[in-house]
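K.L.:
Just dropping this structure here.
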Amino acid sequence: MTRINKWIWAVAVAGISVACQKEEVGLYNRSDSMVYFQVQNFSGSNGAEGYTTRTDFSFVDYAAAYTSVVFNAKVKLLGEVKDYDRALKVVVDEERTTMTPYDAATNPGGGYMADFDTLQIKAGTNEGIVGVRFMRNASIKKQVDTLVLKLEANRYFDVLDEYKSSNVWSNTTADTIDGTRYTFLISEIYTKPNRWGDVAADNYFGPWNPTRYAYINDLFGFTQNDWIWATGKISSGRMPFYARELQKELQRRADDGDPVYDEDGAYMQLPDAYRVDYSNVVLKP
């Protein structure tokens, strides 16, 4: 082998050695245990799956009896399943959160309830559940309230900062998902529908406001679709009937000492043709 050929061979071997060393950088060590947030939100007939770290929910269209709702954020394990329980560390990301924790005595207007001190990945399993109860409070009728949870490392787990999204058909251009945080967006924001004017609802129900609208929907079982589309429930011809039924219910509540309050804190009143008599109201103790 000539001197030139020997030199080329030496360079090639050195290049292969460097390439092999680079391949080893960043490989996952099976002895490590990492955790990350992930909830499945899509499953296709072809086996494709989609994932998210976000839950959006609105109480609109839910009856007034639903005063709270529970959602779960799942924590997935990247690593070996163990035969013992391992604690998770989940905290509230205060900088990104607008909600405050609910407490019946000290903060009855709070937005959520959760126990972050007992979270675990149980023995023999590869995921943990973070359950949060969200309260139907006054704040979410004015704005979308946010709760952001954050995973932090502890003695058992490191945290996977991000991973590749599978929510597109081709993963070659997929974005990454933040594995460290899970976001809840909770609201109950009502907007005046066009059909309110189409059926002259002001003449039967009085002027629109979110409180009145929600009460009427709950009483008659109306949904947002009933106000958007011609489903047959809401029509000009049926408005007198609904007004009479609403008047009867408001009057019954007034006579029972449990009057319905409107947006401004006054008793809910209807147009003169369906007026409710509140003159003899004796409030329940």
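The values are calculated or read from the model by the stated rules, or taken from the named source; none is laboratory data. As the structure is a prediction and not an experimental result, all values here were calculated from the model. Positions of Cβ are generated from backbone atoms using ideal geometry, with glycine treated the same way; all protein chains shown enter the neighbour counts. Note: areas computed on protein heavy atoms with side chains; ligands, DNA, RNA excluded. Shrake-Rupley method; radii C 1.70, N 1.55, O 1.52, S 1.80 Å.
K.L.:
Criterion first (closer than 30 Å to residue 241 by Cα, modelled with pLDDT of 95 or more, touching a helix residue (DSSP H, G or I) at 6+ places or on another chain (Cβ under 9 Å) and open to solvent by 20 Å² or more (accessible area, probe 1.4 Å)) does residue 205 satisfy it?
P.N.:
no
K.L.:
In region 245-272, what residues are assigned to a helix (DSSP H, G or I), loosely packed, with under 14 Cβ neighbours inside 10 Å and not acidic (Asp, Glu)?
P.N.:
Correct list: 248, 252.
K.L.:
Looking at region 130-149, can you tell me whether even one residue there is exposed (fewer than 12 other Cβ atoms within 10 Å of the Cβ) and farther than 18 Å from residue 60 by Cβ?
P.N.:
Checked region 130-149: no residue is exposed (fewer than 12 other Cβ atoms within 10 Å of the Cβ) and farther than 18 Å from residue 60 by Cβ.
K.L.:
What about residue 70, is it out of contact with any Leu (no Cβ under 6 Å at 6 or more places or on another chain), β-branched (Val, Ile, Thr), open to solvent by less than 30 Å² (accessible area, probe 1.4 Å) and in a strand (DSSP E or B)?
P.N.:
no
K.L.:
Another question, then. Which is within 25 Å of residue 65 (Cβ to Cβ) and free of Cβ contacts under 8 Å to residues at least 12 places away in the same chain, of 220, 241?
P.N.:
Checking each option against the conditions leaves just 241.
K.L.:
Right, something else. Does residue 188 meet the test of being of a type in the set (Asp, Glu), open to solvent by less than 10 Å² (accessible area, probe 1.4 Å) and at pLDDT 90 or above?
P.N.:
Taking the combined requirement at face value, the residue satisfies it.
K.L.:
Moving to a separate point now. Taking into account only those residues within region 230-244 that are polar (S, T, N, Q) and assigned to a loop (DSSP other than H, G, I, E, B), which is least open to solvent (accessible area, probe 1.4 Å)?
P.N.:
Among residues in region 230-244 that are polar (S, T, N, Q) and assigned to a loop (DSSP other than H, G, I, E, B), the one least open to solvent (accessible area, probe 1.4 Å) is 235.
K.L.:
Can you list the strands (runs of 3 or more DSSP E) found entirely within region 84-159 that contain at least 3 residues being closer than 30 Å to residue 213 by Cβ?
P.N.:
Correct list: 127-135, 145-152.
K.L.:
Is it the case, given these coordinates, that residue 261 is farther than 30 Å from residue 162 by Cα and touching a strand residue (DSSP E or B) at 6+ places or on another chain (Cβ under 7 Å)?
P.N.:
Taking the combined requirement at face value, the residue satisfies it.
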